[in-house]
């Protein structure tokens, strides 16, 4: 309801108040199963989750408002944003919590699925660029790191950085709607927006761990 009806309500408010530009936070989930990697913006959008479908509906609303009312819109497809203040149900937050609390991290699937992780400061920078740059109106852009890592590799990296190399993950069945691989082709965002991700995964995870320990120190 928030992603679909909420987006429509905000678009109506933007139209009525003649905003200079509307930047929509979409998601790589709109692609569904990525047939080509890295995935460019012209890849078919066939979401395999309700969340992905709701984000695609939001994009369609944006495109309609742009065509009908000439509302200046830009759509950004973020790839797995992480960092301080991340939602606790997301992989990096969840695994960090489990490892620091001496629990076994649970991986759904075989762990060989890959993700393109985007540090939150890079995502914010992309959003600002989309709002400010000419030539972005009516366009959709992938926002990612243009690198990918397996969930097994991610879990190992976290365990090492947290000083718990002795912890090994437990594997359970894949969840319905989970994408096997994500990998962003960011050349369009680089060319038109001047977007350039600056934070490596290891640097970003280090910043997240520092924030997590400060935020949850009492529980460790």
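Laboratory data are not the source of any read-out in this text; all were calculated from the coordinates shown. Note that the structure is predicted; figures quoted are calculated from it, not measured. Positions of Cβ are backbone-derived with ideal geometry, glycine not excepted, and every protein chain shown enters the neighbour counts.
Could you look through the range 3-22, keep only residues that are touching a helix residue (DSSP H, G or I) at 6+ places or on another chain (Cβ under 8 Å) and over 14 Å from residue 73 (Cβ atoms), and pick out the one that is surrounded by the fewest Cβ atoms within 10 Å (Cβ to Cβ)?
Residue satisfying both the conditions and the ranking: 4.
Would you mention how many residues in the range 32-54 are touching a residue at least 60 places away in the same chain (Cβ under 8 Å), buried (at least 19 other Cβ atoms within 10 Å of the Cβ) and either out of contact with any strand residue (DSSP E or B) (no Cβ under 7 Å at 6 or more places or on another chain) or not in a loop (DSSP other than H, G, I, E, B) (or both)?
3
Residue check: is residue 76 within 15 Å of the chain's Cα centre (by Cα) and free of Cβ contacts under 8 Å to residues at least 60 places away in the same chain?
no
From 57, 25, which residue is within 15 Å of the chain's Cα centre (by Cα), at negative phi and surrounded by fewer than 19 Cβ atoms within 10 Å (Cβ to Cβ)?
Answer to the selection: 25.
Can you find a residue in the range 192-211 that is in contact with a strand residue (DSSP E or B) (Cβ under 8 Å, 6 or more places away or on another chain) and free of Cβ contacts under 8 Å to residues at least 60 places away in the same chain?
Yes: one or more hits.
So which residues in the range 92-147 are farther than 28 Å from residue 162 by Cα and free of Cβ contacts under 8 Å to residues at least 40 places away in the same chain?
Answer for the range 92-147, where residues must be farther than 28 Å from residue 162 by Cα and free of Cβ contacts under 8 Å to residues at least 40 places away in the same chain: 128, 132, 134.
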